[in-house]
Every structure is written in C-alpha cells, then in structure tokens.
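Data block below; observations after.
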Amino acid sequence: MLFDVEPLPGDPILALMAAYRADPSADKVDLGVGVYQDDTGATPVLASVREAEALVLSRQSTKSYVGIAGSEPFNAEMTSLLYGDAGVVSDGRVVTVQSAGGSGGLRVVAELITSLRPGATIWVTTPTWPNHRPLLMAAGAKISEIRYYDASAGKIDRDGMMEDIERIPDGDVLLLHGCCHNPTGADLTLDDWKAIATLCETKNLLPFVDTAYQGFAEGLEADVAGLRLLAERVPEMVTVTSCSKNFGLYRERTGAVSIIAESADKVSAIKTHVLKTVRAMISMPPDHGASVVATILSDDALRQQWIGELKEMRERMQSLRQHFVAALTERGLGERFGFIAKQRGMFSLLGISKAEIDALREQRHIYIVGSSRINVAGLTVAKQAYIADALAETLAIA
C-alpha cells in the first residue's frame, strides 16, 4: 500500500532548468534559475570564501557535532550583522540559532508558530517567493494574503497593502521581505516600515521577516534599516536569514533564525522551544558554511574583502538593470519596463503573459519562469541586445 501511489508533478523551476540544460542552442539564455550568475553564466565561489575555507580546514580537529544551536560564533556574528548595536541586542532580548539554509529556518519558524500560536494565520505578500507557501503549509500553518504589487504599474500597491494589513486579525503573523523582494524587486521604503510597525504594535501582529539578500539592494546597513526599525518598535519578532546569496554558499545550506522576545527573561524559554524543534527536524545543523561565515565576519581583512565582493555583485546587477532598460527604450519598450531600473536585487517581474513566456522559450531560447520573474544577474551585457530584440518582437506579435 505504501508504494501504490501516483507520481506528483515536478517542480516547475527545476523542470525549466532541466529544459535549459538540454537545449543545444548557442543563443539560449537562462533568466529563470534563482542563483547569482556572473557574465559567463557561472555562480562563482567568492575569493573570501575560498580563503576562509582554507583557514577552517587548517584549524579543524574534529568532525563531531557542534550542537543543536549550531555554531555559536556564527550565531553571534549573524545577530550583529542583522541588528548591529540595536537595543534589543544589548537588552538581551535576541536568541539566534543556526538553520539549514533560509528554507530550513522558515520551516523551523512555521513549526514554532503552529505549536506556540495555534490558530494564527501567516499573511504573505501577493506575490511572494513561490516556496513560502509549501514550506510553511507543510508544518500545518494557515496562509492568507495581503496585496503588495501592482504588476500593471510596476510598483507596490501601498494603499492596498496597508488596507489589508489593517484588516489582519489581532495576534496573526505578517511575513515581510527584508529587501530585494522576490519575485518583484520592489522594496518597502523606510516610511512603509514605520507605518507597518505602527500597525503591528496596535494590532499585536507578529512580524516575521525573511531576509535572504542583505547587501544586494543598497548595502549591508541600508538593507536592514527597516528590519532594525521594526525590531526597536515591536515586543516580539522573528527573522530568518540566508547566507546563500550574499556569501554564495548555496549548497552549504547556511542560515539562521533570530527571535526577539518581549523581555530578556523569556529568551531562555524561547530557545528551548527552538532547539526542540530543530532537534526533531534535523537533529544537528551542518557546520562547514557556518564556520566559513563566522571566519569571514570575525577577520577584519576577510570581512573587508567579502564586503568588496558583495559590492561588486550589487553594483553589477544594478548596472545590468540600467543598461537593459536603455536597450528596451531603444526598442520602444522603455515606458512599459522602466520600473526594472528602479528596483533592487536579483529579480523583477515582467508582467507578460504565459503565451509570451512560452514564445520566448520556444522561438528564442529564453527561459523565464511562469510568473514572468526574471533573474537580473542573467541579463549579461553580451546577451542584452538579443533579449531586448526578442522581447520587442514577441510582444509586437502578441
């Protein structure tokens, strides 16, 4: 009986990646995969990571477990990276534990919410990262939506968003993107964060911030300004962070869960629940990526080297945005797609139809996911004219 089952449909993004790899065309372009790529289409190992890895291996004397909470130096460095010298840190109101990537952290938080706040609904933006729903719902969490992005205007629907947040029942959970909103690239302003903080205070909402791209929008400090503002205003808050993008540690599954408690007295109790959840899920987290990150962040020279590499990635993506909009403008599409230059991070949402997405793939070998999200890092200089031509022709035909 256990094996008398029907096959499930495959993951659409993974299927798109497989189709791209199988395409023999020399003109093919991958705008679907959700990882950073350089001008050659590779996802490089950062030089700072290579140096830190060498140090980790030279110092390592055992492969025994680190502990359920993971690397304590890593947890301390991630707390500092997120919150700086915010009062919640000096007040002892933060507990941070290592997670198996950002995805693993999201699942840990979902398990905590369903056990500690039973009946609470997690409200996500429309749209949101496609994996938010399956990760959270697999833990039994209830999901609902707030308006966020107006695809026709290429910007945040602020009035709709605030109206929907005001309607969220007291005590529910609000999931926000810290920066580089995936899939839209449209980020909250500091004024937005202030308004949301006020509503969270008055309605006793639990902010749940997914911060997967710190350093990819404006810079390490600027990208967490909203998160820190929220942390100083609300009594309780949850943050999940990932080192996949800004450290390039995708396969090492390196992330963290940080929880702000109402008081320092409650931190120890909350930590016991977090550790119980981690123990039941994965027993112990992996160590290599966390040790690499802790080594980089605690070494002045490596830290500065990493910050420089992060700056190069950020500025390259912003330059690609600017040049791509310029190419589209030359083809009469600047007004329709000008928003791409104003957005931040790895992604933007084109807002084109499924038929147009299919035509781009079948006729021009340009691979885009079904939501019309594109990976800006894939808009390489060598391919931009080709992509712009293909988009102009496809939209004209449609």
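The values are calculated or read from the model by the stated rules, or taken from the named source; none is laboratory data. Being a predicted model, the structure only gives us computed values, none of them experimental. All Cβ positions, glycine included, derive from the backbone under ideal geometry; neighbour counts span all protein chains shown. Remember, those area values only see protein heavy atoms, side chains included, never the ligands or the DNA or RNA. Shrake-Rupley method; radii C 1.70, N 1.55, O 1.52, S 1.80 Å.
Given the Cα-Cα distance of residue 80 and residue 272 and 0.36 nm per residue of separation, how much length would full extension add, in nm? Write out the running numbers ahead of the final one.
Numbers: separation 192, 0.36 × 192 = 69.12 nm, distance 2.16 nm.
Full extension from residue 80 to residue 272 adds 67.0 nm.
Within the set of other residues whose C-beta is less than 14 Å from the C-beta of residue 300, count the net charge using Lys and Arg as +1 and Asp and Glu as -1. Before the final figure, lay out the partial values.
Details: positive: 303; negative: 51, 77, 299.
Neighbour charge sum, excluding residue 300 itself: -2.
With the Cα gyration tensor of the stretch 319-398 giving a ≥ b ≥ c as the square roots of its eigenvalues, does the rule (a/c under 1.5 for rounded; else a/b larger than b/c for prolate; else oblate) give rounded, prolate or oblate? All intermediate terms of the calculation are to be shown ahead of the outcome.
Working: a/c = 1.44, a/b = 1.27, b/c = 1.14.
Since a/c stays below 1.5, the shape of the stretch 319-398 is classed as rounded.
Exceeding 22 Å between C-alpha atoms, which entries from my cross-link table qualify? They are 142/203; 155/311; 28/354. Spell out each step's value before the answer.
Numbers: 142/203 19 Å; 155/311 25 Å; 28/354 19 Å.
Over 22 Å apart, Cα to Cα: 155/311.
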- Amide H within-cut-off set for residue 348, under 5 Å, with H built and near neighbours excluded: 374, 376
- Message: Eigenvalues of the Cα gyration tensor times 5, then square-rooted: what semi-axes does that give for the stretch 22-66, in whole angstrom, largest first?
- Response: 35, 13, 9
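Past the 24 angstrom mark, what percentage of all C-alpha to C-alpha distances in the stretch 219-321 do you count?
Percent of Cα pairs beyond 24 Å in the stretch 219-321: 40.
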- Share, in percent, of DSSP beta bridges within the stretch 36-190 that are antiparallel, nearest 5: 20 percent
- Accessible area per residue of the stretch 22-125 at 1.4 Å probe, in Å²? 43 Å²
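When the dipole is taken about the Cα centre of the stretch 206-357, and only Lys, Arg (+1) and Asp, Glu (-1) are charged at their Cβ, what size is it in debye, to the nearest 20?
Here the stretch 206-357 has a charge dipole of around 420 debye.
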- Message: As a test question: what accessible area, to the nearest 10 Å², does residue 66 have when a 1.4 Å probe is rolled over all protein chains in place?
- Response: 80 Å²
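Mind checking the alpha-carbon convex hull of the stretch 146-250 and giving the volume per residue in Å³?
Details: hull volume 10.2 nm³, N = 105.
Taking the convex hull of the Cα positions in the stretch 146-250, it is 97 Å³ per residue.
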- Message: Considering only protein heavy atoms and a probe of 1.4 Å, how much of the accessible area of the chain is carbon and sulfur, as a whole percent?
- Response: 54 percent
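Which trypsin sites (Lys or Arg not before Pro) from the stretch 49-117 combine a DSSP loop assignment with at most 12 other Cβ atoms within 10 Å?
Working: sites: 50, 59, 63, 93, 107; in loops: 63, 93.
Within the stretch 49-117, the qualifying trypsin sites (Lys or Arg not before Pro) (loop, at most 12 other Cβ atoms within 10 Å) are 63.
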- Can you work out ³J(HN,Hα) from phi for every residue in the stretch 135-140, in order, using Karplus 6.51 cos²θ - 1.76 cosθ + 1.60 and θ = phi - 60°, giving whole Hz and x for Gly and Pro? 4, 6, 5, 5, 8, x
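Report the local net charge at residue 30: Lys and Arg +1, Asp and Glu -1, summed over other residues whose C-beta lies under 14 Å from its C-beta. Please report the intermediate quantities before stating the final value.
Numbers: positive: 21, 28, 361, 364, 373, 383; negative: 23, 27, 38, 39.
Once positives and negatives cancel, what remains is +2.
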- Query: Relative to the present Cα-Cα distance, how much length would full extension add between residue 263 and residue 72 at 0.36 nm per residue of separation?
  - Reply: 66.6 nm
- Using a/c under 1.5 as the rounded threshold, could you call the stretch 278-358 rounded, prolate or oblate? The axes a ≥ b ≥ c are square roots of the C-alpha gyration tensor eigenvalues, and prolate needs a/b larger than b/c, oblate otherwise. oblate
- Item | Backbone HN-Hα couplings from phi across the stretch 119-131 [Karplus 6.51/-1.76/1.60, Hz, Gly and Pro as x] | x, 6, 9, 9, 9, 10, 6, 10, x, 9, 4, x, 7
- residue 51: net charge of surrounding residues, Cβ under 14 Å, Lys/Arg +1, Asp/Glu -1, itself excluded? -1
- Item | chymotrypsin sites (Phe, Trp or Tyr not before Pro), loop per DSSP, at most 15 other Cβ atoms within 10 Å - longest free stretch of the chain | 66-398
- Query: Taking amide hydrogens as modeled 1.01 Å from N in the peptide plane, which residues meet the under 5 Å criterion relative to residue 29, leaving out close sequence neighbours?
  - Reply: 366, 367
- Task: Would you mind checking which residues have amide H under 5 Å from residue 174's amide H? H placed 1.01 Å from N; only 5 or more apart, or other chain.
- Result: 123, 206, 208
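Tell me the Kirkwood hydrodynamic radius of the chain in angstroms, computed as one over the mean inverse distance between distinct C-alpha pairs. Walk me through the numbers on the way to the answer.
Working: mean 1/r = 0.0453 Å⁻¹.
Here the Kirkwood hydrodynamic radius works out to 22.1 Å.
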